[in-house]
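A.B. asks: Following this message is one structure expressed as structure tokens.
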Amino acid sequence: MDLIGQPIWYSSPCIDVISYSDASSTGWAGFVVQMGELVARGNWHGSDYLQSSTFRELKAIRLVLVICSLFGFKRVQTQIGQPSHCFSYEHRQ
């Protein structure tokens, strides 16, 4: 099965890095395993802290993926929240 000519599932994704992210009512944090001790984190601004926990989790993922792309990582496996859920993302241009 495919979606607009692209496969929906990859049998074994080849990833560049593994990242972790989590969000709370006050802020977010994340890190990329292959980058060692570097941790990205921040507080919610504006009305973000009023949004649902799902919104904040997704925004935390997005922020970590932006950081990954700035360092040139295109295929990222992301571990989300507690308990941890996993998905793989591939940035295509």
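A.B. asks: Restricting the search to the stretch 1-26, which residues are assigned to a strand (DSSP E or B), farther than 22 Å from residue 58 by Cα and either open to solvent by 70 Å² or more (accessible area, probe 1.4 Å) or at pLDDT 65 or above (or both)?
C.D. replies: Matches in the stretch 1-26: 2, 3, 6.
A.B. asks: Kindly indicate the residue of the stretch 51-82 that is among the basic types (Lys, Arg) and under 9 Å from the mean Cα position of the chain (by Cα) and also least open to solvent (accessible area, probe 1.4 Å) among those meeting that condition.
C.D. replies: Per the stated criteria, the residue is 59.
A.B. asks: Considering only residues that are of a type in the set (Gly, Ala, Ser) and modelled with pLDDT of 85 or more, which ones fall in the stretch 34-68?
C.D. replies: Listed by number, the residues that qualify are 40, 42, 46, 47, 52, 53, 60.
A.B. asks: I'm checking my understanding of the structure. Among residues of the stretch 29-50 that are over 16 Å from the mean Cα position of the chain (by Cα) and exposed (fewer than 13 other Cβ atoms within 10 Å of the Cβ), which one is farthest from residue 71 (Cα to Cα)?
C.D. replies: Among those that are over 16 Å from the mean Cα position of the chain (by Cα) and exposed (fewer than 13 other Cβ atoms within 10 Å of the Cβ), it is 50.
The values are calculated or read from the model by the stated rules, or taken from the named source; none is laboratory data. Please read these numbers as outputs of a predicted model, since none were measured by experiment. All Cβ positions, glycine included, derive from the backbone under ideal geometry; neighbour counts span all protein chains shown. What goes into the accessible areas is simple: the full protein's heavy atoms, side chains included, and nothing from ligands, DNA or RNA. Shrake-Rupley method; radii C 1.70, N 1.55, O 1.52, S 1.80 Å.
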